[in-house]
Amino acid sequence: MSDSDPAIKHEPPEEVFGLLGNRLRVDILRALAGGDTPVVFSTLRGRVEERDSGRFNYHLRKLVGTFVRETDAGYELTLAGLRVVGALVAGTYTADATLSETEIDDPCPECETAPITASYADDVARLACPHCEEWQLAFTFPPGTLDQYATAELPDALDRWLRTLFEQLTAGFCDNCAGRLDSEFATDGDSPQLVWRCDRCGSRSRTAAATPFVFHPAVQGFLYDHGIDPTATSSWRLLSSESIEYDPKESSVGVTYHVGETSIRGQVGADGSVWDIERSDRK
């Protein structure tokens, strides 16, 4: 290993997660996330309302080094501590949310009939068309986030979340563990899809093969130049206006996006890369 290579030390997971098996320790993490940091000992103890200084110190010391960092100015969360608190408030481990089918005033990308429906169960948001029963979309969504939005706000919230997933996947990072992704084309449906695979945590995701192309800056700029604001158009509609040509020999997908008499086309590789982008008048 060269001097510039990263040094990574892994702790046994059962020991790390065993540190959280106490309510006071979880309260300490929440208290550190709930205000300015670093926090001195007395202030932190006051936030969690623990009268016994010795007991408080014992549990705080158990967290230091893994979930809490001790500095000259006081205590603050490490990245691991921030992630634990984030998972708690997102309901990843503690919430069980459901949403019965709710109408969304947006036409189906396939049959152009409105409304489509949104539902939520088992940590998965589902969008579907009850008219043609051909179009549907499913993706994970934090259960603890669902009740932060009124029903009327859900379509926009789900769309913005879906865009963040697209951006993370096409950037090559696993949406579960942030590990490196590999991808390949799957042709077991009506049109090719990209299957994103993380060999570190085992996560699998599927997107339309055109996704990296549609969300490429050049294509987003093309849409804006032709009167379509990509940020104001639902991502599922953006992904419905392209034509696809799959070439298994080249292991690439040709994508053409039409707006009126103009078009933009390009190639998408099995690794999610985009190249040969061309803008032209539609013939």
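Dipole orientation for the chain: of the candidates Pro130, Asn176, Asn57, Asn57 has the Cα lying most toward the positive pole (charges on Cβ; Lys, Arg +1; Asp, Glu -1). Charge dipole of the range 52-191 (Cα centre as origin; +1 on each Lys and Arg Cβ, -1 on each Asp and Glu Cβ, all else neutral): 1220 debye, rounded to the nearest 20.
Membrane-span-like helices in the chain, defined purely by DSSP H runs whose alpha carbon atoms cover 20 Å or more axially and whose average Kyte-Doolittle hydropathy reaches -1.0, are 154-170. Just one of (1) 38, 29, 18; (2) 38, 35, 17; (3) 44, 24, 17 is semi-axes √(5λ) of the Cα gyration tensor in Å as worked out from the coordinates here. Which one is it? Read-out taken from this structure: (3).
Near Leu77, the amide H atoms lying under 5 Å from its own belong to Arg69; only residues 5 or more places off or on other chains count, and H is placed 1.01 Å from N. Its relative contact order, with pairs defined as Cα atoms under 8 Å and 6+ residues apart, puts the chain at 9 percent. Rounded to the nearest 20 debye, the dipole size of the range 166-283 about its Cα centre is 200 debye, using +1 on the Cβ of Lys and Arg and -1 on the Cβ of Asp and Glu.
The dipole here belongs to the range 13-89: it is taken about the Cα centre, uses +1 on the Cβ of Lys and Arg and -1 on the Cβ of Asp and Glu, and is about 160 debye.
Under 5 Å from the amide H of Ile104 lie the amide H atoms of Ile116, Thr117, Ala118, each residue being 5 or more positions distant or on a separate chain, with H modelled from the backbone and absent for Pro and chain starts. Rg and Dmax of the range 142-182, both derived from C-alpha coordinates alone, stand at 12.4, 37 Å. With 5 Å bins beginning at zero, the pair-distance distribution over Cα atoms of the range 13-89 amounts to 3, 16, 33, 28, 15, 4, 0 %. Listed peptides 210-220, 15-25 appear in the order 210-220, 15-25 once ranked by packing, highest mean of other Cβ atoms within 10 Å at the front.
Only the coordinates and a few stated rules stand behind these numbers; no lab work does. On a predicted model such as this, the values are computed, not experimentally measured, just so you know. Cβ atoms come from the backbone with ideal geometry, glycine included; neighbour counts cover every protein chain shown.
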